[in-house]
Amino acid sequence: MSLTRRELVEAGLTLGAAVVAGPALGASPTSLPLTPESGLGPYYKRGAPPATTLVAQGESGLPLVVSGKVLDPAGKPLSGAVLEVWHADGRGIYDLVGYRYRASVVAGSDGSYRFLTVMPGHYPERVAQHIHYRVSAPGRKVLVTQLYFATDPAFAGDPDQNWRKDPILEDRRLIRPVTLEDRGGPRAAVVFDTVLGP
Ligand SMILES: [Fe+2]
């Protein structure tokens, strides 16, 4: 019996799925790649207050909701992980006096987190828009990284081609897709899961 190309492709996909399923074949358990690191930067401040809304009434900028999970490499949620997040405001200015656009967000029992803010602006020392993260959980290595946005004009519509334009950004995987929601006005939404090593 000869198989059509389509049947061969389907057979390959089925085999691929079985390999990914792993444990059924006695292979090693799931191992998620660790989230790449990206520099702490000069504007980190300790002691950001607990909050899930970083933006105050009347602030300018495109509303942005960021959500995701904090996981270990086996995919287990890291309940109670603390995500310190900070970024420039919509005009590209960091608050170095107080805690505007700075917060400590605590992950829930399923490892999930969510915060509401505005899309960060550009500022002269950096090419790309970004949100800084410092993620900690008991028994885990602290993760210092940055979240970037596929819609950033710096990537000229093609992050795969242009991601190296920001020399601080060392890993394409930190650029996340942005979806636009209609919430009585436009709101951007980004999902950013983080995986912490031992
Ligand atoms: Fe920054």
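Let me have the 222 nm mean residue ellipticity of the chain computed from DSSP H runs of 4+ only, each contributing -39500 (n - 2.57), with the sum over all residues rounded to the nearest 500. My calculation for the chain gives -3000 deg cm²/dmol from helical runs alone.
Centre-to-centre separation between the Cα atoms of region 28-79 and those of region 150-167: 21 Å. Placing a label point 7 Å from the Cα of SER79 along the Cα-to-Cβ direction, the residues of region 91-115 whose backbone N falls under 19 Å from that point are 105-114. Peptides 35-42, 113-120 ordered by packing proxy, namely the average of other Cβ atoms within 10 Å per residue, highest first: 113-120, 35-42. Shown is the FRET efficiency for ALA156 and TYR99, computed with R0 = 45 Å from the Cβ-Cβ distance and rounded to the nearest 0.05: 0.85. Calculate, for VAL106 and ARG164, the FRET efficiency according to 1/(1 + (r/R0)^6) with r their C-beta to C-beta distance and R0 45 Å; round to the nearest 0.05. With a Förster radius of 45 Å, E is 0.85.
Can you give the extra length, in nm with one decimal, that the chain gains between SER60 and LEU180 once fully stretched, where that is 0.36 nm per residue apart less the Cα-Cα distance? Could you put the intermediate results ahead of the total?
Working: separation 120, 0.36 × 120 = 43.20 nm, distance 1.72 nm.
Result: 41.5 nm gained on full extension.
The share of Cα pairs per 5 Å bin across the chain, counted from zero up to the longest distance, runs 1, 7, 14, 17, 17, 14, 10, 7, 5, 4, 2, 1, 0, 0, 0 percent.
Simple spin-label model, 7 Å along Cα-to-Cβ: SER67 to THR30 in nm? With each label placed 7 Å out from Cα toward Cβ, I get 1.8 nm.
Considering only ALA103, ALA188, ALA156, give the residue with the highest GNM mean-square fluctuation for the chain, with springs between Cα atoms whenever their separation is below 10 Å. Comparing ALA103, ALA188, ALA156 in a Gaussian network model of the chain, the most mobile one is ALA156.
Axis of helix 5-21 versus longest Cα principal axis of the chain: the two differ by about 60°, to the nearest ten degrees. Averaging over all projection directions, the Cα-based convex hull of region 126-198 occupies 5.9 nm² in the image plane.
FYI, it's all coordinate maths here, none of it is from the lab. Just so we're clear, the structure is a prediction, and the values are computed from it rather than from any experiment. Counting neighbours? That spans all protein chains shown, and the Cβs are built from the backbone with ideal geometry, glycine included.
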